[in-house]
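Everything below concerns the one structure shown next.
The values are calculated or read from the model by the stated rules, or taken from the named source; none is laboratory data. On a predicted model such as this, the values are computed, not experimentally measured, just so you know. We place every Cβ from the backbone using ideal geometry, glycine too, and count neighbours over all the protein chains shown. SASA here: full protein model, heavy atoms, side chains in, ligands and nucleic acids out. Shrake-Rupley method; radii C 1.70, N 1.55, O 1.52, S 1.80 Å.
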Amino acid sequence: IKEARLLTLMLHEPDINKKALNKITSPVFVIAGENDVIKKEHTEMLAKELRNSKLKIYTNASHYVPFEVADELNRDVIDFLKN
């Protein structure tokens, strides 16, 4: 059951209303790994629809970006927050 739920999540999420995303005006840092379980198209759509977002897809990383490239992510988050 757990695997079926994960597969459904990977194939159909994010199930997000684009108009609702367009209403978010706060800065958002969207991150993913190049080998993420979330489809790259979904991550890119999310970043595109969030009007004030920055997107970074981390090389040689999966969905576990904070563990796999912690130093790079930390630098990027600090830079994002400063700007």
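For the chain, what is the accessible area per residue in Å², given a 1.4 Å probe and the full set of protein chains? Please report the intermediate quantities before stating the final value.
Working: 6320 Å² over 83 residues.
Per residue, the chain has 76 Å² of solvent-accessible surface.
For the chain, what does -39500 (n - 2.57) per DSSP helix run (n ≥ 4), summed and divided by total residues, give at 222 nm, in deg cm²/dmol to the nearest 500?
Working: 5 runs with 43 residues, N = 83.
-14500 deg cm²/dmol, from helical runs alone.
What do you get for Rg/Rh over the chain if you use C-alpha atoms and the Kirkwood form of Rh? The partial results should precede the final answer.
Details: Rg = 13.8 Å, Rh = 13.8 Å.
Rg/Rh: 1.00.
Put the Cα centre of segment 65-83 next to the Cα centre of segment 38-52 and the gap is 19 Å. Working from the Cα coordinates of segment 44-83, the gyration tensor eigenvalues give, after taking √(5λ), semi-axes of 19, 15, 6 Å in decreasing order. Measuring between alpha carbons in the structure, the pairs from Lys23/Lys54; Lys18/Lys82; Lys2/Lys48; Lys48/Lys82; Lys39/Lys82; Lys2/Lys54 lying more than 26 angstrom apart are Lys18/Lys82; Lys2/Lys48; Lys39/Lys82; Lys2/Lys54.
Summing Lys, Arg as +1 and Asp, Glu as -1, what charge do residues with Cβ under 11 Å from the Cβ of Val65 carry, Val65 excluded?
Values: positive: Lys56; negative: Glu34, Asp36, Glu68, Glu72, Asp76.
That sum, taken over residues with Cβ under 11 Å, equals -4.
Using R0 = 25 Å, the C-beta based FRET efficiency linking Ala70 and Lys40 works out to 0.70.
Modelled spin labels at Leu7 and Asn60, positioned 7 Å past Cα toward Cβ, are 3.2 nm from each other. Of all aspartates and glutamates in the structure, those lying under 12 Å Cα to Cα from Lys56, and not within fewer than 8 positions of it along the same chain, are Glu34, Glu44, Glu72, Asp76.
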